[in-house]
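Only one structure is covered here, and it is reproduced in the block below.
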Amino acid sequence: RPKKTSPKPAASQSPDLSSADISVLNLFCNGLNYEEISFESWQKTLDDLDLVVPLWVSPELASRGGENVVRFHRNVRKSHKSAGTREPVSYAFTLPGATQQGDIFVYSAQGDRLADKAGDLIIIIRFK
């Protein structure tokens, strides 16, 4: 897929910005890229119902393991055309002992929902 760079900003024409602000804004804008994709490729991103949630735990809790609850919001849509709603969820699970930073736990059908389909909930362990 070809990458396109953003057009040059018109910040230098703004009388309300200092030269330092203009330099920072130009540096930021020059670093932006966008990618042209087909409608079909974009549509596939809407079908990804997996939900990735980081869980921040202390190294001590990860080492000994135990009951844990992760709280998040998942998107629930009745169809591709519906806007959907955000549903708050509290998901209880057992964190096994000797869990390491970056460990990934996958729970089937607990992610975002679309009609009768549900994605997976993917919990990634992070240390505080």
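The values are calculated or read from the model by the stated rules, or taken from the named source; none is laboratory data. Nothing here was measured: the structure is a model prediction, and the numbers come from that model. As a convention, Cβ positions derive from the backbone with ideal geometry for all residues, glycine included, and neighbour counts pool all protein chains shown. Only protein heavy atoms, including side chains, enter the accessible area calculation; ligands, DNA and RNA are left aside. Shrake-Rupley method; radii C 1.70, N 1.55, O 1.52, S 1.80 Å.
Does Leu17 satisfy being assigned to a helix (DSSP H, G or I), at pLDDT below 90 and open to solvent by less than 80 Å² (accessible area, probe 1.4 Å)?
no
Given the criteria out of contact with any Ser or Thr (no Cβ under 9 Å at 6 or more places or on another chain), without any contact (Cβ under 8 Å) to a residue 24 or more places away in the chain and not in a loop (DSSP other than H, G, I, E, B), does Pro54 qualify?
On the way: out of contact with any Ser or Thr (no Cβ under 9 Å at 6 or more places or on another chain): yes; without any contact (Cβ under 8 Å) to a residue 24 or more places away in the chain: no; not in a loop (DSSP other than H, G, I, E, B): yes.
When the stated conditions are applied, Pro54 does not pass them.
Please report, ordered by residue number, the strands (runs of 3 or more DSSP E) entirely within segment 61-128 with at least 1 residues that are without any contact (Cβ under 8 Å) to a residue 40 or more places away in the chain, of a type outside the set (Asp, Glu) and open to solvent by less than 70 Å² (accessible area, probe 1.4 Å).
66-77, 85-95, 104-107
Out of segment 46-60, which residues are closer than 15 Å to Lys117 by Cα and open to solvent by 40 Å² or more (accessible area, probe 1.4 Å)? Please lay out each step first, then the result.
We begin by selecting, within segment 46-60, every residue closer than 15 Å to Lys117 by Cα; these are 46-51.
Correct list: Leu46, Asp47, Asp48, Asp50.
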